Amino acid sequence: MAQYSRIQVINEMMETRMVPLFYHSDFQVAKNILQACYNGGARLIEFTNRGDFAIDVFSKLIKYAYKELPGMIVGIGSVTDSSAASQYMLQGANFVVTPVLREDIAIVCNRRKVLWIPGCGSLSEIVKAEEMGCEFVKLFPGNIYGPDFIKSIKAPQPWSSIMPTGGVSIEQSNLLGWFKAGADCVGLGSKLISKEILMNEDFKKLEKNVLDTLEFIQKIK
């Protein structure tokens, strides 16, 4: 069962404006990533459902967060059907992120009042998601659409809350472009939690990257 309500998750997204996201098959490495992000000031993190037995790693990770990292909101990403969404919610997922818009996922998440963030790639999909109770949409893949897409959506629909994922980096010019266009939050994956950091197990560097990125976002938001 989720520890945080969807309203609490939304408020945190609007406060910090950044959601780090990652997958790793080794729990110890995943725990170190989670700890580094937390130490850097992140209070939201998305573990992606991408590998075999991902749910086992997630289960251990969220239990660790509940016990050791007060205020850390852990959610699940890359969910593609309602069965997977239900399994992760039973493990305590506080939000569910999907690469596509699926009504079956909306139904099971709304039933439990868990925030779901569908991947959308058109104004029609965004409108449909909002009609289904969606509070936040993920623009995915962000590198294909770019900041101008958000700017165009916000013109007729300034009330839409959009989080681009993919194509977002920790470079200040990149972040500035997304937020100036109207992004409400950004999802940061490999540009934040890089292969180099993982290969060298340089979690102090990850902590600093998170801290610096959050500080810059707070200056420009």
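Data table
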| quantity | calculated |
| --- | --- |
| Under 5 Å, built H, 5+ apart or other chain: amide partners of Gly77 | Phe47, Thr48, Asn49, Val97 |
| Sequence of Asp212, Asp184, Asp52 once ranked by neighbouring C-beta atoms within 10 Å, starting from the fewest | Asp52, Asp212, Asp184 |
| Length released on extending from Asp148 to Lys219, taking residue separation times 0.36 nm less the Cα-Cα span | 23.4 nm |
| Volume per residue of the C-alpha convex hull in the chain, rounded to whole Å³ | 105 |
| Phi to ³J(HN,Hα) by Karplus 6.51 cos²θ - 1.76 cosθ + 1.60 over the stretch 184-194, Hz, x for Gly, Pro | 8, 6, 10, x, 10, x, 5, 6, 9, 9, 7 |
| Label-point separation in nm, Asn32 to Glu131, each point 7 Å along Cα→Cβ | 4.9 |
| Packing-based exposure ordering (other Cβ within 10 Å, fewest first) of Phe140, Phe149 | Phe149, Phe140 |
| Selected from Ser190, Ser160, Ser152 as most flexible by GNM, with the chain as the system and alpha-carbon contacts under 10 Å | Ser152 |
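Rule-based calculations on the coordinates, nothing more; no lab input. Predicted, not measured: the structure shown is a model, and the values here were computed from it. FYI the Cβ positions are ideal-geometry reconstructions off the backbone, even for glycines, and counts take in every protein chain you see.
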